[in-house]
1. Within a 10 angstrom radius of the beta carbon, how do Glu76, Glu99, Glu117 rank from fewest other beta carbons to most?
2. Note down the net charge around Lys151, summing +1 for each Lys or Arg and -1 for each Asp or Glu among other residues with Cβ under 12 Å from its Cβ.
3. Per 0.36 nm of contour for each residue apart, how much would the distance between Tyr152 and Ser39 grow if the chain were fully extended, relative to their Cα-Cα spacing?
4. Obtain the nm distance between the two label points defined at Ala133 and Glu80 by a simple spin-label model: each point lies 7 Å from its Cα along the Cα-to-C-beta direction.
5. Which of Ile71, Ile40, Ile116 has the fewest other C-beta atoms within 10 Å, and how do the rest follow up to the most?
6. Mind sorting Lys151, Lys65, Lys35 by how few other Cβ atoms lie within 10 Å of their own Cβ, fewest first?
Amino acid sequence: MERTSHWQAVARFAAGAAMLAIGCMPGGDAGPPFKPVASIHDLMHDVIYPHAEVVWDSVGTVIDKDGTHEIRPTSEQEWERVMQSALTVAEAGNLLMMEGRAKDAGDWMLHASALIEAATLAVEAASDRDAEAVFDVGGAVYNACNNCHEKYWEKPPSAMRP
């Protein structure tokens, strides 16, 4: 039997609870007392993207004229930053599912759930101080983002900040 980690269980619970809440809302009711404040663009620009970048930039290999350089978190503070950023991305997936922000109840929810799952694995990898796993799940976070962008990407209006 495969053992489920704490973070995997948290992610599955959060995604399931969000889907259950959405599925149980009766039509015509006002829904939950949540009020989206940020636009999707603002959420992507100011929350998801900068924190995903922390995860993506935390582990890698650079080859230059001076040789090969491995990039890895080297202190507890650096590992904590990666873990906190991954957790922020995971929770932002829930924000994408909120009424008033979700584009639809189909693929949008599936993509947001994939983001939650991938980012939760990044939290677990950072918590385990496993640089290779952070690198691998960074790819899963990227794919979750990219798959959603392929269907839903809209360039922000020119009046919005870049």
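Just so it is clear, none of the values below were taken in a lab; they were calculated from the coordinates. Predicted, not measured: the structure shown is a model, and the values here were computed from it. Glycine gets a Cβ as well: all are built from the backbone with ideal geometry, and neighbour counts include every protein chain shown.
1. On the way: Glu76 9, Glu99 15, Glu117 20.
Going from least to most buried by this count: Glu76, Glu99, Glu117.
2. Residues near Lys151 contribute -3 overall.
3. Working: separation 113, 0.36 × 113 = 40.68 nm, distance 1.42 nm.
Length difference between fully extended and current span is 39.3 nm.
4. Going from the Ala133 label point to the Glu80 one covers 2.0 nm.
5. Lowest to highest Cβ neighbour count: Ile71, Ile40, Ile116.
6. Details: Lys151 11, Lys65 4, Lys35 8.
Sorted ascending by nearby Cβ count, the order is Lys65, Lys35, Lys151.
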